[in-house]
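Structure, as structure tokens:
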Amino acid sequence: MASKTKGPPPEDYDPAAPLTDAEIKTLRPAREFFAERGIPMPVPRKVGRPRQDENKVRVTMRLDAKIVDHFKNQGPGWQTRINEVLAEKVAKSR
């Protein structure tokens, strides 16, 4: 059985060689390439989280160490839990 692995590339092989004029003349827009093959044009995926309806505001505040420790000891999401406690307090005061 013949080996499927190829030997090392020739010494003069350059994987990042600049395109020749002949190669540049054969280039065409990606839309044409995909249309010829009946393949839909790839759409780049959106990166990151989806936008929320209600944006949050970044703040810097100083809290007692006991308060921060209490929420951090409950595990990940401690900042969200602080936000929930404050939101409850605001809702009750209305």
The stretch 50-87: number of residues that are surrounded by fewer than 10 Cβ atoms within 10 Å (Cβ to Cβ) and acidic (Asp, Glu): 3
Check on Ala91, of a type outside the set (Lys, Arg), without any contact (Cβ under 8 Å) to a residue 12 or more places away in the chain, in a helix (DSSP H, G or I) and loosely packed, with under 10 Cβ neighbours inside 10 Å: yes
Residue selected from the stretch 10-39 under the condition aromatic (Phe, Trp, Tyr) and assigned to a helix (DSSP H, G or I), by the criterion nearest to the chain's Cα centre (by Cα): Phe34
Candidate set from the stretch 40-88 (those that are of a type in the set (Lys, Arg) and part of a loop (DSSP other than H, G, I, E, B)); member that is modelled with the highest pLDDT: Arg62
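The values are calculated or read from the model by the stated rules, or taken from the named source; none is laboratory data. Nothing here was measured: the structure is a model prediction, and the numbers come from that model. Cβ coordinates were reconstructed from backbone atoms using ideal geometry, including for glycine residues, and neighbour counts include every protein chain displayed.
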